[in-house]
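Structure, as structure tokens:
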Amino acid sequence: MDVSPMSRIAVPLRAAGALVLILGSAFVRSALAQPTARAHAAILRTNAAPADQPYGASRTAVSRSGMVVTTVPEASRAGVEILTAGGNAIDAAIASAFALAVVYPPAGNLAGGGFLIARNRAGQAHALDFRETAPARLDRETFLALDPSASLEGGLAVATPGSVRGLAAAHQRLGKLSWARLLQPAVRLAREGFRVPAALTKELSDERALLLRHAESRRLFFPNGEPLAPGTLLLQPDLARTLEAIAAGGADAFHRGPIARRIVEFVRSEGGSLSEADLAGYAPVWRVPHVLDFERWRLLTMPLPSSGGFLLSAILGQLSSVRGSWREPAAQRIHFLAEAERRAFADRGLLGDADCHEIPLARLLRPLRLASLGTSIDPDRASRSDAIPGGSEPEERPQTTHLSVATANGDAVSITTTLNGTFGNGSVVPGVGVFLNNEMDDFATAPGRANLYDLIQGESNEVRAGARPLSSMTPTIVLEGNRPRFILGSPGGSTIPTTVLQVFLNAGPRGVALPAAVAAARLHHQHLPDRLAFEKGSLPAPLKQDLEARGHVLFERDAIGIVHAIEFRPDGSLLGVADPRGYGLPVGSKP
């Protein structure tokens, strides 16, 4: 088994409030007045201003048995079906992931990849990397003379998929029920159909130009030239047959044989280089989780090629050197967090696949270095990113999806998967029914060329046969006193780590009720472009004026992240929380 070294970073908390991004003096007790709000009533004293929750209240559910939270209600129910049938948390997560490939085509997938963090009741933690890899025939020279769109659209954009092999590896090591049973909900949803939600209609409409270029995408999702209307029953018989083959033959039914051949022939017809040998040879990697100790909290998340663990450690390490600012006005707290994010993202350009490149991770995360970066923050003025080498801001799109699963006995699973762009490269493989990824854009395809999320990446993330591209996905399990407390994760490109960080800081060290912590307004800085992004309508005018007077360039944008979270509550129950920014749903199982 190929594993990376354990990364355990201890960050002393000297001023908890300095680390918490909030726009008002307190968070809402809970707009839903659910049991979780009463449990936190001693901590939460006042209601928040409306700007604290720009998208409304989170959706919540409580169970004393098991909980599944995903992007789409049908996928959450698929996981609960498996829990009810006697499956464990891993089984439920696998069933939900396959269901998402049916009901959430913008990001749920069979031909993408992702990361998994799991912890069982005995305290054993696992990190599974099933990130896509560069096909053998691609290298750093491939994209240099090509239009930048080559890494986003067409066959060259397609990296070797890892989702099916990854989920099969998780089942083989940690699952309980039979593999075929776990795929039953997904097969049923593909064959019998599901009703298209209004949000999917909008996503199809937003990506009309991309999807209409591909015959099979047009046929499935744009009958009569228009996107599927809300309430339409979407049937996907080709995808159902693919899922049935995987249920009967395991991952090899996708990575070898007729299905693999069809995928390769289609990719080649689109100008790509993916081969049957690439698909057959793909292998997920079990890694040692990145462990971050933070006061009484321990965060378990992904090591490289995820940048998430690095960014969490780098930001918190800097902020631990900031003294007393938790008593300052909100603008001061936002300023310090933005400056720490700016410096952490400047270092991100040095990261890549540690299996292929030597990454100076220990040097970058050395406590004295992080403290020095933290003390370099001017408390009154914003830095200029061009004075901090490195680099990068996205327009967040729903191309990634996250799911969280927990059972009352302490098992916890956090999975984030992706196609990279929304609907991947936009093409559905005829006769197979799967969207292809455009993951090659997550590599540094040319010097100084920004990717889909405006991230400018370094040579450590260059295209190299078999390498995994650097990722922002940050599935996370949070422990308190060596017991599971939160499961967190989000889509959002480069905003994923900062989204997870803000929810953790509010729900953990500050003690805010998890539904309010998830619904609270969020901000993001990633070094380049040099701007502080904030959600529309979330910054009051005086606060905006204060931040601009400090030199911050403010950028108003749509939602930052869509968090799917679970809390292990002190009374033994599980609280599921779905972000109001999306249309996901927490569903609890019955004993």
When you check S76 against the structure, is it touching a helix residue (DSSP H, G or I) at 6+ places or on another chain (Cβ under 6 Å), open to solvent by less than 10 Å² (accessible area, probe 1.4 Å), within 23 Å of V478 (Cα to Cα) and not in a strand (DSSP E or B), yes or no?
no
Within the stretch 311-352, which residues are acidic (D, E) and at pLDDT 90 or above?
E339, E341, D347
Of the residues in the stretch 540-563, those that are of a type outside the set (D, E, K, R) and in contact with a helix residue (DSSP H, G or I) (Cβ under 7 Å, 6 or more places away or on another chain) number 8
Which of the following residues is in contact with a strand residue (DSSP E or B) (Cβ under 9 Å, 6 or more places away or on another chain) and open to solvent by less than 70 Å² (accessible area, probe 1.4 Å): R131, R140, R181, R195?
R131
Mind checking which pairs have a first residue in the stretch 231-249 that is at positive phi and a second that is open to solvent by 10 Å² or more (accessible area, probe 1.4 Å) and not in a helix (DSSP H, G or I), Cβ under 6 Å, 6 or more apart or different chains?
G231/R195
Any chance G391 is at pLDDT 75 or above and on the phi > 0 side of the Ramachandran plot:
no
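So that you can scan it fast, the table gives a plain yes or no per residue for (1) basic (K, R); (2) assigned to a helix (DSSP H, G or I); (3) crowded, with 24+ Cβ neighbours inside 10 Å:
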{"site": "T498", "(1), (2), (3)": "no, yes, yes"}
{"site": "P515", "(1), (2), (3)": "no, yes, yes"}
{"site": "F534", "(1), (2), (3)": "no, no, yes"}
{"site": "G537", "(1), (2), (3)": "no, no, no"}
{"site": "K544", "(1), (2), (3)": "yes, yes, no"}
{"site": "E548", "(1), (2), (3)": "no, yes, no"}
{"site": "G561", "(1), (2), (3)": "no, no, yes"}
{"site": "A565", "(1), (2), (3)": "no, no, yes"}
Please determine whether any residue of the stretch 414-421 is modelled with pLDDT of 90 or more, in contact with a Pro (Cβ under 7 Å, 6 or more places away or on another chain) and of a type in the set (S, T, N, Q).
yes
How many residues of the stretch 186-203 are in a helix (DSSP H, G or I) and closer than 16 Å to T71 by Cα? The answer is 8
Residues of the stretch 439-472 satisfying the condition of being part of a strand (DSSP E or B) and at pLDDT below 90
A444, A450, I456, E462
Under 9 Å between Cβ atoms, which residue pairs at least 6 apart in sequence (or on different chains) link something in the stretch 526-550 that is at positive phi with a partner that is open to solvent by 50 Å² or more (accessible area, probe 1.4 Å) and among the charged types (D, E, K, R)?
G537/E556
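Select, from E535, E567, the only residue that is closer than 22 Å to V405 by Cα and in contact with a strand residue (DSSP E or B) (Cβ under 8 Å, 6 or more places away or on another chain).
Testing whether each residue is closer than 22 Å to V405 by Cα and in contact with a strand residue (DSSP E or B) (Cβ under 8 Å, 6 or more places away or on another chain) leaves just E567.
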Every residue in the stretch 36-73 that is of a type in the set (G, A, S), modelled with pLDDT under 95 and either farther than 20 Å from P586 by Cα or open to solvent by 10 Å² or more (accessible area, probe 1.4 Å) (or both), please.
A39, A41, A42, A48, A49, A51
Would you pick out the residues in the stretch 204-234 that are part of a loop (DSSP other than H, G, I, E, B) and surrounded by 15 or more Cβ atoms within 10 Å (Cβ to Cβ)?
E207, L212, H214, F222, P227, L228, T232
State all residues of the stretch 235-258 that are open to solvent by 10 Å² or more (accessible area, probe 1.4 Å) and part of a helix (DSSP H, G or I); if no residue qualifies, say none.
P237, D238, R241, E244, A245, A247, A248, G249, D252, A253, G257, P258
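Restricting to the stretch 143-167, what's the tally of residues that are in a helix (DSSP H, G or I) and under 21 Å from S269 (Cα atoms)?
Adding up the residues that qualify gives 7.
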How about the stretch 349-376: which of its residues are open to solvent by 10 Å² or more (accessible area, probe 1.4 Å) and over 26 Å from R131 (Cβ atoms)?
R366, P367, L368, R369, A371, S372, L373, T375, S376
When the residues of the stretch 567-590 are filtered to those that are small (G, A, S) and part of a loop (DSSP other than H, G, I, E, B), which remaining residue is surrounded by the fewest Cβ atoms within 10 Å (Cβ to Cβ)?
G572
Residue satisfying all of: in the stretch 100-126; surrounded by fewer than 24 Cβ atoms within 10 Å (Cβ to Cβ) and among the hydrophobic types (A, V, I, L, M, F, W, C); farthest from V164 (Cα to Cα) among these
A122
Would you mind finding the one in H525, H552 that is more than 22 Å from the chain's Cα centre (by Cα), closer than 30 Å to G349 by Cα, of a type outside the set (S, T, Y) and buried (at least 22 other Cβ atoms within 10 Å of the Cβ)?
H552
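The values are calculated or read from the model by the stated rules, or taken from the named source; none is laboratory data. This one's a predicted model, so the numbers in the text were calculated from it and none came from an experiment. Positions of Cβ are generated from backbone atoms using ideal geometry, with glycine treated the same way; all protein chains shown enter the neighbour counts. Note: areas computed on protein heavy atoms with side chains; ligands, DNA, RNA excluded. Shrake-Rupley method; radii C 1.70, N 1.55, O 1.52, S 1.80 Å.
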